[in-house]
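Chemist: Handing you this structure, nothing more for now.
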Amino acid sequence: MAQFDVVPHPIASLRQAFPLAVILRSDLIAPGEETVIAPLVPRRHFPSATGRLSPIVRIDEEDYVVLVDRLVTLQVRSLPRRIANISAHREAIQGAIDLLFFGV
């Protein structure tokens, strides 16, 4: 799996609320057993999402909010198949992470 690949949320019990997740771990880091993901929620379920902390991405004709404030570390082997890649939104996602961790 590559950075910014989108997968069905790997935790089945959370999939109804957060159907998708994006891999955030850099491809420059040696592959390990774990990776960091952020859940994605359909924008229609989270209409109040605005601003840098909640980047909006488009996947298969639907807008999703990347919830960078809900990061999770999971085993790579638990990740389902890749269904999309949102690397085109790299700057917005990186900006949200910078705001969350560094306040910039």
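The values are calculated or read from the model by the stated rules, or taken from the named source; none is laboratory data. Here the structure is a predicted model, which means the values were calculated and not measured. Virtual Cβ from ideal backbone geometry, glycine too; neighbours counted across all protein chains shown.
Chemist: Within the stretch 49-59, identify whether any single residue is out of contact with any helix residue (DSSP H, G or I) (no Cβ under 9 Å at 6 or more places or on another chain) and either within 24 Å of Val104 (Cα to Cα) or aromatic (Phe, Trp, Tyr) (or both), and answer yes or no.
Modeler: Yes, because at least one residue in the stretch 49-59 is out of contact with any helix residue (DSSP H, G or I) (no Cβ under 9 Å at 6 or more places or on another chain) and either within 24 Å of Val104 (Cα to Cα) or aromatic (Phe, Trp, Tyr) (or both).
Chemist: Answer yes or no as to whether Ala88 is at pLDDT 95 or above, touching a helix residue (DSSP H, G or I) at 6+ places or on another chain (Cβ under 9 Å) and aliphatic (A, V, I, L, M).
Modeler: no
Chemist: Something else: May I ask you to list the residues in the stretch 43-62 that are touching a residue at least 12 places away in the same chain (Cβ under 8 Å), surrounded by fewer than 16 Cβ atoms within 10 Å (Cβ to Cβ) and assigned to a strand (DSSP E or B)?
Modeler: If the condition is that a residue be touching a residue at least 12 places away in the same chain (Cβ under 8 Å), surrounded by fewer than 16 Cβ atoms within 10 Å (Cβ to Cβ) and assigned to a strand (DSSP E or B), then Ile56, Glu62 are the ones that fit.
Chemist: Next question, about the same structure. Out of all the residues in the stretch 21-36, which are in contact (Cβ under 8 Å) with a residue 40 or more places away in the chain and either of a type in the set (Val, Ile, Thr) or more than 18 Å from Arg77 (Cβ to Cβ) (or both)?
Modeler: Val22, Ile23, Thr35
Chemist: Exactly one condition in (1) in contact with an Asp or Glu (Cβ under 8 Å, 6 or more places away or on another chain); (2) modelled with pLDDT under 95; (3) part of a loop (DSSP other than H, G, I, E, B) is false for Arg82; which is it?
Modeler: (2)
Chemist: Which residues, counting only those in the stretch 1-20, are without any contact (Cβ under 8 Å) to a residue 40 or more places away in the chain and either crowded, with 19+ Cβ neighbours inside 10 Å or assigned to a helix (DSSP H, G or I) (or both)?
Modeler: Across the stretch 1-20, the qualifying residues are His9, Ala12, Ser13, Leu14.
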